[in-house]
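Chemist: Can you read through this structure? Questions will come right after.
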Amino acid sequence: MKVVIVEDQRLYLDAVAEALKTRSIEVAGRATTFDEALQVINESACDVALLDVSLPPDYTDEGLRIAEAARRSYPDVGLVILSGYAKLSYVERLINIGGAQGAVGYLRGMLRSPQIS
């Protein structure tokens, strides 16, 4: 399995990459920005894209916009959003991106309070 990781915090990016490698999962690319993410996904022929939900410069929904673009170009690529936020509208949006093709997932980290907004 080939995975692309998109995360703006380099320490976390490296930690996730190392964790995947120890489980024999190929990290096909890494990106820290919206534009880099699109380029890496286009060049990697990945099976799964792990996407931080918010990236610079706006720190809003960049990961979801990347997921939408990836789904249009590569409908079979699995999409997993990584977030410290449990935002119901983001989860619903991701599920709608999923459609009939390709798996989707939303993983919320434990760094923030457990409330869903």
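Chemist: Do we have any residue at all in segment 76-84 that's modelled with pLDDT of 80 or more and part of a helix (DSSP H, G or I)?
Modeler: No, every residue in segment 76-84 fails to be modelled with pLDDT of 80 or more and part of a helix (DSSP H, G or I).
Chemist: Spot the failing condition for Asp35; the list is (1) buried (at least 19 other Cβ atoms within 10 Å of the Cβ); (2) assigned to a helix (DSSP H, G or I), and only one is missed.
Modeler: (1)
Chemist: Tell me which residues, restricted to segment 52-77, are closer than 16 Å to Glu92 by Cα and among the basic types (Lys, Arg).
Modeler: Listed by number, the residues that qualify are Arg65, Arg71.
Chemist: Would you tally the residues in segment 84-97 being out of contact with any helix residue (DSSP H, G or I) (no Cβ under 7 Å at 6 or more places or on another chain) and either within 11 Å of Val6 (Cβ to Cβ) or not β-branched (Val, Ile, Thr) (or both)? Please lay out each step first, then the result.
Modeler: Restricting attention to segment 84-97, the residues satisfying the condition of being out of contact with any helix residue (DSSP H, G or I) (no Cβ under 7 Å at 6 or more places or on another chain) are 84-89, 91-92, 95-96.
Checking the rest, the ones that are also either within 11 Å of Val6 (Cβ to Cβ) or not β-branched (Val, Ile, Thr) (or both) come to 84-89, 92, 96.
Number of matching residues: 8.
Chemist: Residues being closer than 18 Å to Arg108 by Cα, touching an Asp or Glu at 6+ places or on another chain (Cβ under 9 Å) and of a type in the set (Val, Ile, Thr): count how many of those fall in segment 6-60.
Modeler: Result for segment 6-60: 3.
Chemist: Quick test for you: out of Glu26, Glu68, Glu7, pick the one residue that is surrounded by fewer than 19 Cβ atoms within 10 Å (Cβ to Cβ) and at pLDDT 95 or above.
Modeler: Glu26
Chemist: For segment 14-23, what are the residues that are surrounded by 13 or more Cβ atoms within 10 Å (Cβ to Cβ) and under 15 Å from Val48 (Cα atoms)?
Modeler: Of everything in segment 14-23, those that are surrounded by 13 or more Cβ atoms within 10 Å (Cβ to Cβ) and under 15 Å from Val48 (Cα atoms) turn out to be Val16, Ala17, Leu20.
The values are calculated or read from the model by the stated rules, or taken from the named source; none is laboratory data. The shown structure was predicted, so the numbers you read here are calculated from the model rather than taken from an experiment. Glycine gets a Cβ as well: all are built from the backbone with ideal geometry, and neighbour counts include every protein chain shown.
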